[in-house]
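The values are calculated or read from the model by the stated rules, or taken from the named source; none is laboratory data. In this text, all values refer to a predicted model and were calculated from it rather than measured experimentally. Note that each Cβ is placed from the backbone with ideal geometry, even for glycine, and that neighbours are counted across all protein chains shown.
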Amino acid sequence: MWRVADAHCDTISKRLMGQRQSTLDLKEWFDGGVVLQVFACFIEPQFKPELSLKRCLQQIDAFERLVVGAGATPVLGREDVLRILRGEERRLGALLAVEGGEAISGDLAVLRALYRLGVRLITLTWNQRNDIAEGVGDDRAGGGLSSFGAEVVHEMNRLGMAIDVSHLSEAGFWDVLEISKAPIIASHSSCRALRDHKRNLDDDQLKALGKAGGYVGINFYPAFLSKEEEEVGVRAVVDHLEHAAEVAGFAAVGLGSDFDGIERTPIGLEAPSRMQCIGEELARRGWSEENIRMVMGENLLAYLSRVLN
Ligand SMILES: [Zn+2]
């Protein structure tokens, strides 16, 4: 069984909204090979901007109750990641993330407080523009990072937090890549060369991300993978993994399922416990055992070990 590390899910938000896609059965996930899951606190649009921080705190509370309370081990630093890499951790590792920099409320003191609450990754924007940068759905002005956004990047570098550019405008992507001292992550984005969608990264972006020691987690959302959404299965996910690996390098690529953040899943990939079928398809295509291990989980763990303090 391959060890799986997944850079993005919205399971916490789905639960608080009274809906569910995945089971949030941590034992089932762990038995399916998942050793690390990034859990995003997704700030739903209806809470923005005034209630963003409150919504974020409600989700952090839910993470504590539903994930840590159910037996997951919080991943807070490099040593926690290395323990998982060495195979010494017997429970699911859970990394707390925030999807939507609105939660920082324009104040680095709030960013530092979120860090103290355990947040180790922040997706700077969702699709809308905020006080950090423009998102992909709101990039008419063609702007990148704001001055405050640059301060956020510097402070996240200092604290040892992963800076996530999924959902960020193209100009914002290049700004972050230029000023960040640490490698950056696109936690749940796929390849623009295979599916021309704003949420996907083009080859120049993939190449630059890989060169800088970053990570891209391929998103499972059928609409990001193919024009023929209804027919998307495991093979489409693997097509994007292969393309990203060719362009960004084998060490820069992995999974960013977006479970519970997507309206439909690929056929055969309905839950975190189903991820092994990706490794099986990679093996059918002749990938080496080492490269499969890297893409299934080790790359994300290695990336986090480079970024966290
Ligand atoms: Zn997202």
Members of the stretch 32-50 that are of a type outside the set (Gly, Ala, Ser), more than 12 Å from Gly93 (Cα to Cα), away from the ligand (no atom under 16 Å from the Cβ) and touching a residue at least 24 places away in the same chain (Cβ under 8 Å)
Pro49
When only residues in the stretch 1-31 that are at pLDDT below 95 and basic (Lys, Arg) count, which is nearest to the ligand (Cβ to nearest atom)?
Lys14
Of those in the stretch 243-261 that are charged (D, E, K, R) and buried (at least 21 other Cβ atoms within 10 Å of the Cβ), the residue nearest to the ligand (Cβ to nearest atom) is Asp258
Among residues belonging to the stretch 177-189 that are within 23 Å of Ser257 (Cβ to Cβ) and touching a helix residue (DSSP H, G or I) at 6+ places or on another chain (Cβ under 7 Å), point out the one that is farthest from the ligand (Cβ to nearest atom).
Pro183
The stretch 236-254 residues that are over 16 Å from Gly279 (Cα atoms), paired with ones that are in a helix (DSSP H, G or I) and of a type outside the set (Lys, Arg) (beta carbon under 6 Å, 6 or more apart):
Val247/Asp203; Val247/Leu206; Ala248/Leu206; Ala248/Leu209; Ala248/Gly210; Gly249/Gly210; Ala252/Gly210
Would a scan of the stretch 181-194 turn up a residue that is crowded, with 17+ Cβ neighbours inside 10 Å and without any contact (Cβ under 8 Å) to a residue 40 or more places away in the chain?
yes
Give Ala103, Ala109, Ala94, Ala113 a once-over and let me know the one that is closer than 21 Å to Arg55 by Cα and either within 16 Å of the ligand (Cβ to nearest atom) or in contact with a Lys or Arg (Cβ under 6 Å, 6 or more places away or on another chain) (or both).
Ala103
Mind counting the residues in the stretch 246-267 that are part of a loop (DSSP other than H, G, I, E, B) and closer than 17 Å to Leu301 by Cα?
3
